[in-house]
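Visitor: Next up is a structure, given as structure tokens.
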Amino acid sequence: MKKLILSLALVTGLAVTAQVQSQNNTDANSAVTSKKASKKNLSPEEKAKHQAEKAEKELTLTAEQKTKWQSASLERINANEPMREKMKGSTTPEDRKALRSQAKANDDKFVATVIAFLTPDQKTKFEQLKKDMKAKHKEHGKGKMH
């Protein structure tokens, strides 16, 4: 009888633990999803402001540099937005390649603009951040099948 009661208590405990873990994972996933969804719903101005604030924190930008970063970022976002919309629709591989190269040119222009007003120390930090982001992006893509 003791074994039966102990077994029932063990099974009940495992079931409760599994339910709580499942609920916690769902809450965490919905928080991540809602954060990503809210970023997508931002206006170009809000996106540029957010990027400038992040850069200010990571690169210790001055107020003037932050303003310049924000305007360069807004210019890039506005230039890339039509291409993003085109990519959402049905495009041929050639079209996608052309759109990507155009977006890359916009990004290169942004980087050139930003590099022009950064201090040497900030440039070093910026280049390191770019390398880290590229490595993270590459690592993230390894699991995908092509």
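The values are calculated or read from the model by the stated rules, or taken from the named source; none is laboratory data. Quick caveat, the model's predicted, so the values are computed rather than measured. Note that we place each Cβ from the backbone using ideal geometry, even for glycine, and neighbour counts take in every protein chain shown.
Visitor: Being free of Cβ contacts under 8 Å to residues at least 24 places away in the same chain and crowded, with 16+ Cβ neighbours inside 10 Å is the filter here; which residues of the stretch 67-76 pass it?
Guide: Of everything in the stretch 67-76, just one residue is free of Cβ contacts under 8 Å to residues at least 24 places away in the same chain and crowded, with 16+ Cβ neighbours inside 10 Å, namely Q70.
Visitor: Specify the residue that is farthest from the chain's Cα centre (by Cα); the eligible residues are those in the stretch 77-96 that are exposed (fewer than 15 other Cβ atoms within 10 Å of the Cβ) and touching a residue at least 24 places away in the same chain (Cβ under 8 Å).
Guide: N78
Visitor: What's the number of the condition L61 fails, among (1) assigned to a loop (DSSP other than H, G, I, E, B); (2) loosely packed, with under 14 Cβ neighbours inside 10 Å?
Guide: The number of the failed condition is (2).
Visitor: Of everything in the stretch 97-123 that's closer than 19 Å to E64 by Cα and hydroxyl-bearing (S, T, Y), which residue is surrounded by the most Cβ atoms within 10 Å (Cβ to Cβ)?
Guide: T113
Visitor: In addition: Would you please name the residue that is farthest from V111 (Cα to Cα), looking only at residues in the stretch 62-76 that are touching a Lys or Arg at 6+ places or on another chain (Cβ under 9 Å) and either modelled with pLDDT under 95 or among the charged types (D, E, K, R) (or both)?
Guide: Applying the filter and picking the extreme gives E75.
Visitor: Another question, then. Any residue that is part of a helix (DSSP H, G or I), farther than 30 Å from K123 by Cβ and at pLDDT below 70 - is there at least one of those in the stretch 37-52?
Guide: There is at least one residue in the stretch 37-52 that is part of a helix (DSSP H, G or I), farther than 30 Å from K123 by Cβ and at pLDDT below 70.
Each row is one residue, and each column tells you yes or no for (1) in contact with a His (Cβ under 8 Å, 6 or more places away or on another chain); (2) within 19 Å of E53 (Cα to Cα); (3) acidic (D, E).
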{"position": "T67", "(1), (2), (3)": "no, yes, no"}
{"position": "S73", "(1), (2), (3)": "no, yes, no"}
{"position": "G89", "(1), (2), (3)": "no, no, no"}
{"position": "E94", "(1), (2), (3)": "no, no, yes"}
{"position": "K97", "(1), (2), (3)": "no, no, no"}
{"position": "Q122", "(1), (2), (3)": "no, yes, no"}
